[in-house]
Ligand SMILES: [Zn+2]
């Protein structure tokens, strides 16, 4: 079956923009990668040779304002989460992400430009069966009053995200998201990065968010939304948090079969929860889509095992 196979991009596609923290211009090109490669960032434009880093939880070296990937020589690429969310969200298993600067371009603050790039590049199926990380038991982490928890879930990948901001214009919002290429595109991909004016000012004074503007961020002050064009969704903020969850958990290296609940979370919490899951070898196992299909056909196994929704849930959005 086509949908149970791994996928990659058919060709390359390029987006150009600026980094939200550096404010510097950058060009990013997504392209095909072999079976079992996962997501590989290739940093070009350096004085020496190009450097590569696999987008995995091990490669995360900072999470304070954005997800930064690097190696022993130091940071390589930051603000990786929106392009990774797009690749995972659109059901792509293997891809290269070439970048000629230190930071993924922020574009409009959402994943829309990366979705357009995937549409332009096209998606092809590969010869090998798709593999998944199946969550076998609950794993929870807490950081202050933030909680992140994985638990087994039979229907593919589900994100349950709650936010609770003091700013009354954001306030409490929650979103339950069942991942498919179609739901990612429709519900999540267009939700933009957001912040409060006080926080933006604090970031500026720390030398971050130098490229932030109303072109790429939803900004609130205490009494109003400062963007003239308004919101794309009434609950755009929590939808963006879902986008970040999909991107941060793409660092698992394989699609996850399970549910992930995040309360007041961010990149740091998502990374801590993913690290806790992956470091407990009794909490997960790798399953292949063909294995999943076979186990579904064994009557005694029942509905607690990997269900029939898997392949469609992660299928590429192709017609
Ligand atoms: Zn984000």
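The single residue among 27, 22 that is outside the structural domain of residue 185 (by TED's automatic domain parsing) and part of a strand (DSSP E or B) turns out to be 27. Of 96, 125, 67, all but one fail to be in contact with a strand residue (DSSP E or B) (Cβ under 7 Å, 6 or more places away or on another chain) and at pLDDT below 95; the exception is 67. If I filter the stretch 171-187 for residues that are surrounded by fewer than 16 Cβ atoms within 10 Å (Cβ to Cβ), at positive phi, more than 16 Å from the ligand (Cβ to nearest atom) and not in a helix (DSSP H, G or I), do I get at least one hit? Among the residues of the stretch 171-187, at least one is surrounded by fewer than 16 Cβ atoms within 10 Å (Cβ to Cβ), at positive phi, more than 16 Å from the ligand (Cβ to nearest atom) and not in a helix (DSSP H, G or I), which makes the answer yes. Across the stretch 150-166, the number of residues qualifying as touching a helix residue (DSSP H, G or I) at 6+ places or on another chain (Cβ under 7 Å) and farther than 22 Å from residue 182 by Cβ comes to 2. Is at least one residue of the stretch 169-187 farther than 26 Å from residue 219 by Cα, in the same structural domain as residue 245 (by TED's automatic domain parsing) and without any contact (Cβ under 8 Å) to a residue 60 or more places away in the chain? For the stretch 169-187, residues farther than 26 Å from residue 219 by Cα, in the same structural domain as residue 245 (by TED's automatic domain parsing) and without any contact (Cβ under 8 Å) to a residue 60 or more places away in the chain: absent. Part of a strand (DSSP E or B) and either buried (at least 17 other Cβ atoms within 10 Å of the Cβ) or within 16 Å of the ligand (Cβ to nearest atom) (or both) - does that describe any residue in the stretch 110-118? The answer is no; no qualifying residue exists. Within the stretch 61-101, the set of residues being away from the ligand (no atom under 13 Å from the Cβ), in a loop (DSSP other than H, G, I, E, B) and crowded, with 19+ Cβ neighbours inside 10 Å comprises 90, 91, 92, 93, 101.
For first residues located in the stretch 241-265 and at positive phi, partners that are within 13 Å of the ligand (Cβ to nearest atom) and at pLDDT 95 or above and lie 6+ apart or on another chain with Cβ distances below 7 Å form the pairs 264/163.
Checked against (1) within 16 Å of the ligand (Cβ to nearest atom); (2) touching a strand residue (DSSP E or B) at 6+ places or on another chain (Cβ under 6 Å); (3) in a loop (DSSP other than H, G, I, E, B), residue 233 passes all but condition (2). So, residue 58, is that one out of contact with any strand residue (DSSP E or B) (no Cβ under 8 Å at 6 or more places or on another chain) and not in a loop (DSSP other than H, G, I, E, B) or not? Yes. Can you spot a residue in the stretch 218-227 that is without any contact (Cβ under 8 Å) to a residue 24 or more places away in the chain, in contact with a strand residue (DSSP E or B) (Cβ under 8 Å, 6 or more places away or on another chain) and closer than 18 Å to residue 107 by Cβ? Yes, the stretch 218-227 has at least one match. Of the residues making up the stretch 247-270, those that are more than 10 Å from the ligand (Cβ to nearest atom), within 11 Å of the chain's Cα centre (by Cα) and assigned to a helix (DSSP H, G or I) are 249, 250, 251, 252, 270.
The values are calculated or read from the model by the stated rules, or taken from the named source; none is laboratory data. Quick caveat, the model's predicted, so the values are computed rather than measured. In this analysis, Cβ positions are derived from the backbone assuming ideal geometry, glycine residues included, and neighbour counts consider all displayed protein chains.
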